[in-house]
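The values are calculated or read from the model by the stated rules, or taken from the named source; none is laboratory data. These figures come from a predicted structure and were not determined experimentally. Neighbour counts run over all protein chains shown; Cβ positions are idealised from the backbone, glycine included.
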Amino acid sequence: MAEPKPVQDRYIFKVAVPVPLYQLFDYLPPPGFDPHKAQPGIRLKVPFGKSEKTAFLWAVSQTDDSGRPLKPVLQILDDEPLLSDKDLALLSWASQYYHFPLGEIIKAAFPAGLRLGKTAQAGVEAGYRLTEAGLQQDPAQLKRAPKQQALLAMLGEHPQGLTETVLTAQLTGWRPAAKALLAKAWLAAGIVAETRPAPLAVAPGLPANAHQQEAIDRIKHGLGKFGVFLLYGVTGSGKTEVYLQVIETVLARGLQVLVLLPEISLTPQLEQRFRQRFGQTGITVSHSRLSDNQRLNAWLAMRQGQSAILLGTRSALFTPMAKPGLIVLDEEHDASYKQQEGFRFSARDSAIVRAKLLQIPVLLGSATPSLESLYNAEKGRYQLLSLPERAGNAVPPRLQLLDIRQKKLYEGVSETLMAAMRQTLDQQGQVLLFVNRRGFAPTLICHHCGWLARCPRCDANLVVHARLGLLRCHHCDQQQKLMPQCPACDGTSLTPLGLGTERVEHMLQAEFPGKTIIRLDRDSTQRKGALQDYLRQISQGHADIILGTQMLSKGHHFPNVTLAAIVDADSGLFSIDFHAPERLAQLIVQVSGRAGRADKPGTVILQTRQPEHPLLVTLTRQGYSEFAAMALAERKAAGLPPFSYQALLRAQARDADTPRQFLQQLADTATSGGLVQIAGPVSAPMAKRAGLYRYQLLFTSASRKALHQCLDALVEDLNRGKPAQKLRWSLDVDPIDWY
Ligand code: ADP
Ligand code: ZN
Ligand code: ZN
């Protein structure tokens, strides 16, 4: 690289281009454009290789360190930045902390439309208006270009801009003229929208109980400055009510609120509660099931202050806010806050950084806070607010460990549990049954020769889907017809092995004829609206047994459920991933939280073959807090997060040697300064996936700084060298699972 040399009277645009490269690119300002007017955060159209890209101005500098002749920017797309300084700082931080290319992070932060160079205008048609420079021009100087002159004059009379429809109607051939004015940077895309006021509450809140009131008061006291609140309350303790009342105060001050949820499409009830309290307008929703245009409008509505509340999933974190007041993150322990591919960021951790930059509070809520957050509360970094009781006098459910060793099982369900279900159904109660796998059975085995249905492309078994008559891999798109005969011995003793929701459902239909059984898993809720239909059916009491996977633990209230059961509480006790016990405890408590209410106390039965396991015993006899204290003590003794910091470097290729050697070389040359432990390379827990062999290298350090210095050097090396062909690597900072 050439020595950076200052160039006099020369301004260089440092531009973030959405490509997977760890650098900014240098361009010259467009001819005739006053570089002093360029504000970081505006979009530009730039030539890139053989194509044009919509990119972002990151900084203006007088230093040229490219050592090459520079190309000029083709077009300035915005005359004011789409992101504030602080939001740009957030993206910068994310790029450094997650060691991920800035251009790619921008891709994650902007809705598709804006990345493609669309007008940054909500709900209105595309149009144009004059820039400040344009407004100062005298149309007379354009005598030689009458169309441009006419356009300049017309827009001079309409400073808020004119839509394309109006321009077309009033000035034929305006497009080439607009292009010329854009090149002079006298024109900008987009017209100014009218702003609507933020809504105030339309319905009154519930009278808060003493615990809720204390939480509300403390959060209100913390408004207007940075702070992290951890609202720890069992399901039904009234956390949502606390959010709503605090939000009401924030809105009354004319400020906006960003509410992040793990998966909106799974929690239509929550959206409804927000709309009941604050009305239909002023609340915007953003998640992956919306169209690009809808997401763009939600983004712009927040940026321009037309919307007061945004309910969104993790990617909504980067939505700009005209008047930020508060960030709420519900179910903060949920794994879906961590993106698992591409830009592997944690929306929770990034929300805290964002709030600090914006000097506003963050409110994290959960019935089962993550160990990291509990630890941060213990250290005084977060303020802990507890709601120890269920609101409205509801009684907490009783948790019971049921030893199923040597017991006769009906598709995994013991006689004791079956009897409890029968009794509950006789008393008109609803039963909830958690099974951790979807499909009929996790795999198919030949009873004669031992052949096992394995995915040819993954280190995984094929799952039996009896209803579809298919064997399916849950990790790649592999599927095949369920065969009547063993492919190895031609025998006819193929037997489904293990339990899935479909199989339990089948058994229940035979055991409880005439009862309505609803299965909730990814297969049964694929159709759009199916989940909502099921939830409605359940809440109206038209369901006797609700059976399902993880989905059951995600925020739905099933007030008529008086018996909840976890068919197999042991999976997760013996995983090689140290996060597994925490996940299991959260799942158990979350499923339990679905059962019982004021007049109908609930029971929760956990079937286990490990009735003396300390985790299960502590959790059921003493509760989640005591479990968490125990689990944290174990992590401390083992030097695991949050007592250390980790990053996982994954690599994969079509053969096993390439990724292993690649990681081995990195492990040998990494500069750790003795402060970073490097473990591996080892085969990933799923050694092969979709035909690719996967290896990983784990970095652990007691010093966050040392870890990141090591990673910085590593990423720099990786970008300098040319990695082996067809090898793909990714870096996961603060990994939450090892797969
Ligand atoms: P969480 O979010 O902690 O699960 P919610 O806010 O959804 O709890 O409250 C659970 C139930 O209790 C809801 O039906 C809610 O209407 C009710 N509730 C919450 N706060 C109160 C209160 N102060 N008085 C009466 N009922 C309440
Ligand atoms: Zn066989
Ligand atoms: Zn597969």
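Filtered by the rule that a residue be away from ligand 3 (no atom under 16 Å from the Cβ), in contact with a Gly (Cβ under 8 Å, 6 or more places away or on another chain) and not hydrophobic (A, V, I, L, M, F, W, C), region 448-480 gives a lone residue, H448. Within region 471-492, the set of residues being within 18 Å of A690 (Cα to Cα) and either within 16 Å of ligand 1 (Cβ to nearest atom) or in a strand (DSSP E or B) (or both) comprises L471, R472, Q479, Q480.
A search for C-beta distances below 7 Å between a residue of region 507-529 that is closer than 15 Å to H465 by Cβ and any residue that is assigned to a strand (DSSP E or B), counting only pairs 6+ apart in sequence or on different chains, returns R519/L547; R519/G548; D521/G548.
Of everything in region 83-113 that is assigned to a loop (DSSP other than H, G, I, E, B) and either among the basic types (K, R) or touching a Pro at 6+ places or on another chain (Cβ under 7 Å) (or both), the residue that is nearest to F56 (Cα to Cα) is L83.
Assess whether R650 counts as being among the charged types (D, E, K, R), within 16 Å of ligand 3 (Cβ to nearest atom) and touching a residue at least 12 places away in the same chain (Cβ under 8 Å). Judged against the criteria, R650 is not a match. Tell me whether region 443-463 contains one or more residues that are away from ligand 2 (no atom under 15 Å from the Cβ), at positive phi and part of a loop (DSSP other than H, G, I, E, B). The answer is no; no qualifying residue exists.
Kindly provide the set of residues from region 393-411 that are in contact (Cβ under 8 Å) with a residue 40 or more places away in the chain and more than 27 Å from S539 (Cβ to Cβ), ordered by number. Matches in region 393-411: L401, L402, D403, I404, R405, Y410, E411.
Against the numbered list (1) without any contact (Cβ under 8 Å) to a residue 12 or more places away in the chain; (2) under 30 Å from G429 (Cβ atoms); (3) of a type outside the set (S, T, Y), D657 comes up short only at (2). The residue that is farthest from K407 (Cα to Cα), among those in region 535-589 that are assigned to a helix (DSSP H, G or I) and more than 23 Å from the chain's Cα centre (by Cα), is R536.
Considering the conditions (1) out of contact with any strand residue (DSSP E or B) (no Cβ under 9 Å at 6 or more places or on another chain); (2) surrounded by 14 or more Cβ atoms within 10 Å (Cβ to Cβ); (3) modelled with pLDDT of 85 or more, L130 is excluded by exactly one of them, (1). The residues in region 36-67 that are modelled with pLDDT of 85 or more, over 13 Å from V15 (Cα atoms), small (G, A, S) and in a loop (DSSP other than H, G, I, E, B) can be counted, and the count is 1. Scanning region 692-728 for residues that are over 19 Å from T671 (Cα atoms), within 27 Å of the chain's Cα centre (by Cα) and in contact (Cβ under 8 Å) with a residue 60 or more places away in the chain, which turns out surrounded by the fewest Cβ atoms within 10 Å (Cβ to Cβ)? Here the residue is R728. Only residues that are more than 12 Å from P581 (Cβ to Cβ) and buried (at least 20 other Cβ atoms within 10 Å of the Cβ) were counted in region 608-623, giving 2.
The residues of region 70-97 that are under 28 Å from L187 (Cβ atoms) and either without any contact (Cβ under 8 Å) to a residue 40 or more places away in the chain or within 25 Å of the chain's Cα centre (by Cα) (or both), listed by number, are L82, L83, S84, D85, D87, L88, L91. The residues of region 511-552 include none that are within 18 Å of A420 (Cβ to Cβ) and surrounded by fewer than 13 Cβ atoms within 10 Å (Cβ to Cβ).
Pairs are defined by a Cβ separation below 9 Å, a sequence spacing of at least 6 or placement on different chains, a first member in region 114-132 that is among the polar types (S, T, N, Q), and a second member that is modelled with pLDDT under 65; the pairs so defined are T119/E125; Q121/V192; Q121/A193.
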